[in-house]
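Beneath this line is the structure, given in structure tokens, with notes to follow.
The values are calculated or read from the model by the stated rules, or taken from the named source; none is laboratory data. Keep in mind it's a predicted model, so treat the numbers as computed, not measured. Heads up, the Cβs are rebuilt from the backbone with ideal geometry, glycines too, and the neighbour counts pull from every protein chain shown. Note: accessible area is taken over every heavy atom of the protein model, side chains too, but ligands, DNA and RNA are not part of it. Shrake-Rupley method; radii C 1.70, N 1.55, O 1.52, S 1.80 Å.
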Amino acid sequence: MTDRFDCYYCRDNLHGKKYVKKDEKHVCTKCFDKLCANTCAECKRPIGADSKELHHKNRHWHEDCFRCVKCYKPLASEPFNARDDGKIMCGKCGSREDGNRCQACYKVVLPGSQNVEYKNKMWHEECFTCFECKQPIRTQSFLTKGEDIYCAPCHDKKFAKKCFHCKQPITSGGISYQDQPWHSECFVCKTCHKGLAGARFTSHENDVYCVDCFKTDVAKKCHGCKNPITGFGHGTNVVNYEGFSWHEYCFNCKKCCLSLANKRFVINGENIHCPDCAKKV
């Protein structure tokens, strides 16, 4: 005599029949579909014994119902994103839904794509462009002005100070003279072209000269000692009279050597005298 092998619910004999083992109980397919089957999270129908079932975090689906909620791509054997709202999405749609958006075109920046991140913001690489020339910056250096981004050449062209001499942007370093910016290499002696940054120099009629060239080519000659009047060193004050110039310390009485700066004097040919000596001469 053969032992009975019955469905737990309907007691129908299961010998030679298809059945399902559920919680250590043997259940015929009819009872399983009616009493034990999980409900599909998508179509809300029972997932019968003859159906392939997928599950994730206590939720169940028919295999054919486990699709991306956006593009309907089957996900049974594909990576997927399970959102907090219960929606299942493929990786691509999930990224579009939740991913970072490009600051220029506002489209999603897909994971793995070429992109630029700056100050917690993200751009597609081709969208990260110079505000001025509109060309992608890619691996170039860039600078910002307010919220705008510039490649280095455009930033220099638009915002950098222009050299007073060559009118080109000063991108680094430089010097200031008479409230005007200069490239260090442009600030040179008018005559010998020697660099004057950090050196002694003087100016004449908007040009700058080193001390030696100023003495030789520009400075007036003292009518007394015949040396250049440079304005450097001892005795920088100058006395001018009827087209002649003297160092202040050379403007003395020819006879008694009394300094005549800011005093009355008498011109006698090439010489100057104090009034007393002039009477004697």
Fill in: Residue-normalised accessible area of the chain, given per residue in Å² at a 1.4 Å probe
69
Worksheet, complete the sentence: Mean shadow area (nm²) of the C-alpha convex hull around the chain is 28.8
Worksheet item: Cβ under 11 Å from Glu147's Cβ, Glu147 left aside: what net charge do those residues give with Lys, Arg +1 and Asp, Glu -1?
Response: +2
Item to complete: In whole angstrom, note down how far apart the Cα centers of segment 240-256 and segment 1-66 are.
Response: 125
Worksheet item: How much of the accessible area of the chain, probe 1.4 Å, is carbon plus sulfur, in whole percent?
Response: 47
Discussion item. Keeping all protein chains in place and using 1.4 angstrom, which order do His56, His193 fall into by accessible surface area, from largest down?
Written reply: His193, His56
Worksheet item: Using just the C-alpha positions of segment 10-142 as equal point scatterers, what log10 of I(q)/I(0) does the Debye formula give at each q in 0.17 1/Å?
Response: -0.92
Worksheet item: When Lys and Arg each count +1 and Asp and Glu each count -1, what net charge do the other residues less than 13 Å away from Ile170, Cβ to Cβ, add up to?
Response: +2
Discussion item. Per residue, how big is the convex hull of segment 81-225 when only Cα atoms are used? Give it in Å³.
Written reply: 136
Discussion item. Could you derive backbone 3J(HN,Hα) for segment 157-172 from the dihedral phi with the Karplus parameters 6.51, -1.76 and 1.60 (θ = phi - 60°), listing whole Hz in sequence and x where the residue is Gly or Pro?
Written reply: 5, 8, 10, 5, 5, 9, 4, 4, 8, 9, 6, 8, x, 9, 8, 7
Fill in: Residue-count net charge about Asn115 - beta-carbon cut-off 13 Å; Lys, Arg +1, Asp, Glu -1
+1
